[in-house]
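Below is one structure, written out as structure tokens; comments come after it.
The values are calculated or read from the model by the stated rules, or taken from the named source; none is laboratory data. None of the values given here were measured: they were computed from a predicted structure. Quick reminder, even Gly has a Cβ in these numbers, built from the backbone with ideal geometry, and neighbours come from all protein chains shown. Note: areas computed on protein heavy atoms with side chains; ligands, DNA, RNA excluded. Shrake-Rupley method; radii C 1.70, N 1.55, O 1.52, S 1.80 Å.
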Amino acid sequence: PKNVGLDIGTMNLVAASLDNEDSVESRALRNVFLEVDSFNIESMDLNNISHIKIDDIVYILSQDAYNFANIFNKEVSRPMTKGVISANEIDSIDIMATMISKLIGVSNNSNSICCYSIPANPLDSETNVSYHKNVFERIITQLNYKPISLNEATAIVYSECEDNDFTGIGISFGAGMTNVAVVFKAVPVLTFSLSRGGDWIDPNAGNSI
């Protein structure tokens, strides 16, 4: 079976797996898209461009979205905001499903596992991550993996604190959220998040100067 770790971030999607020589292979995509009217690009060959077409709208994905944004003088959009799936982008689930499929592919073994990161419920907003968790559980299941969700700050402790019996404090600083986990002997004792991260820091730093 092909087992994969998937970090679902507001700015980046990162997947990692072990290859045949037990070395880690990682892949990443920028978690952005650009909506383009199909009329504007009907004469272009999109075979080598990451995209998805929904009805009459073409969404250019990931790094290609930045390239086309410069051409059309537009700003890219994100399917996630403040660490969770965006409610403002009606096609965000289909867009995320396409990008995740490009990252991890469809498993040919039903025993394959995909462990994916989720944030904790934030202290400073009423956002509940249950819907976010279930969206990605469904996407990963459709790709023929068994989905396992893992708090992203807890994952840091599992990764870095083996010498301390997996006891420590993990802090994940993302673009949309900051996640914190207190873990004792591999058991998460306390997890929480703040719906503020790099996206909050950037404009506030700009306003200050």
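Could you tell me how many degrees, from 0 to 90 and to the nearest 10, lie between the Cα long axis of helix 130-142 and the main elongation axis, the longest principal axis, of the Cα atoms of the chain?
70 degrees
Given a cut-off of under 8 Å on Cα pairs at least six residues apart, what relative contact order in percent is computed for the chain?
18 percent
For the range 42-186, what are the per-bin percents of Cα-Cα distances with bins 5 Å wide, up to the bin holding the maximum?
Bins of 5 Å from zero give 2, 8, 14, 17, 17, 16, 13, 7, 4, 2, 1, 0 percent of pairs.
What is the total of Lys pairs in the chain with C-alpha atoms under 26 Å apart, excluding same-chain pairs fewer than 8 positions apart?
Here the count comes out as 16.
In whole angstrom, and with the biggest value first, how far do the Cα coordinates of the range 23-109 range along each principal axis?
The Cα atoms of the range 23-109 stretch 42, 31, 24 Å along the principal axes, largest first.
Give me the distance in nm between label points sitting 7 Å out from Cα along the Cα-to-Cβ direction at Phe184 and Asp165, one decimal.
It is 1.1 nm.
Using a simple charge model, +1 on the beta-carbon of Lys and Arg, -1 on the beta-carbon of Asp and Glu, nothing else, what dipole does the range 9-79 show about its Cα centre, in debye to the nearest 20?
Rounded to the nearest 20 debye, it is 280 debye.
Using alpha carbons only, what's the Rg to Rh ratio of the range 42-85 with Rh from Kirkwood?
Rg/Rh: 0.99.
Using only helices, what value at 222 nm comes out for the chain when you add -39,500 (n - 2.57) per DSSP H run of length 4 or more and divide by the total residues, to the nearest 500 deg cm²/dmol?
When only DSSP H runs of four or more count, the value is -8500 deg cm²/dmol.
Within 10 Å of each candidate Cβ there may be at most 13 other Cβ atoms; applying that plus a DSSP loop requirement, which chymotrypsin sites (Phe, Trp or Tyr not before Pro) in the range 121-193 survive?
Passing both the DSSP loop test and the Cβ count: no residue.
Just to be sure I understand: with springs between alpha-carbon atoms less than 10 Å apart, which residue in Ser23, Ser112, Ser101 has the highest mean-square fluctuation in the Gaussian network model of the chain?
With Cα springs under 10 Å in the chain, the top fluctuation among Ser23, Ser112, Ser101 is at Ser23.
Enter the accessible area of Ile8 (Å², nearest 10), with the probe set to 1.4 Å and all protein chains included.
Approximately 10 Å² of Ile8 is accessible to the 1.4 Å probe.
Hey, with R₀ at 45 Å, roughly what FRET efficiency would Ser110 and Ser208 work out to, going by the Cβ-Cβ distance, to 0.05?
My answer for the efficiency is 0.30.
What shape does the range 119-209 have by the C-alpha gyration tensor, where a ≥ b ≥ c are the square roots of the eigenvalues, rounded means a/c under 1.5, and otherwise prolate means a/b greater than b/c and oblate the rest?
Verdict is oblate for the range 119-209.
Using θ = phi - 60° and the Karplus curve 6.51 cos²θ - 1.76 cosθ + 1.60, what whole-Hz ³J(HN,Hα) does each residue of the range 157-162 get, with Gly and Pro shown as x?
Coupling constants for the range 157-162: 5, 4, 7, 10, 10, 4 Hz.
May I ask you to compute the full-extension gain from Ile93 to Ser26, defined as 0.36 nm times their residue separation minus their alpha-carbon distance, rounded to one decimal in nm?
My answer for the length gained is 21.8 nm.
What is the magnitude of the charge dipole of the range 63-186 about its Cα centre, with +1 placed on the Cβ of each Lys and Arg, -1 on the Cβ of each Asp and Glu, and no other charges, expressed in debye to the nearest 20?
280 debye
Per 0.36 nm of contour for each residue apart, how much would the distance between Trp200 and Ile54 grow if the chain were fully extended, relative to their Cα-Cα spacing?
Full extension from Trp200 to Ile54 adds 49.5 nm.
Between exposed GluC sites (Glu not before Pro) in the chain, where DSSP calls loop and at most 16 other Cβ atoms lie within 10 Å, what's the longest gap?
Answer - 127-209.
What do you get for Rg/Rh of the range 93-171 when both radii come from the Cα atoms and Rh is the Kirkwood radius?
Taking Rh as the inverse mean 1/r over Cα pairs, Rg/Rh reads 1.04.
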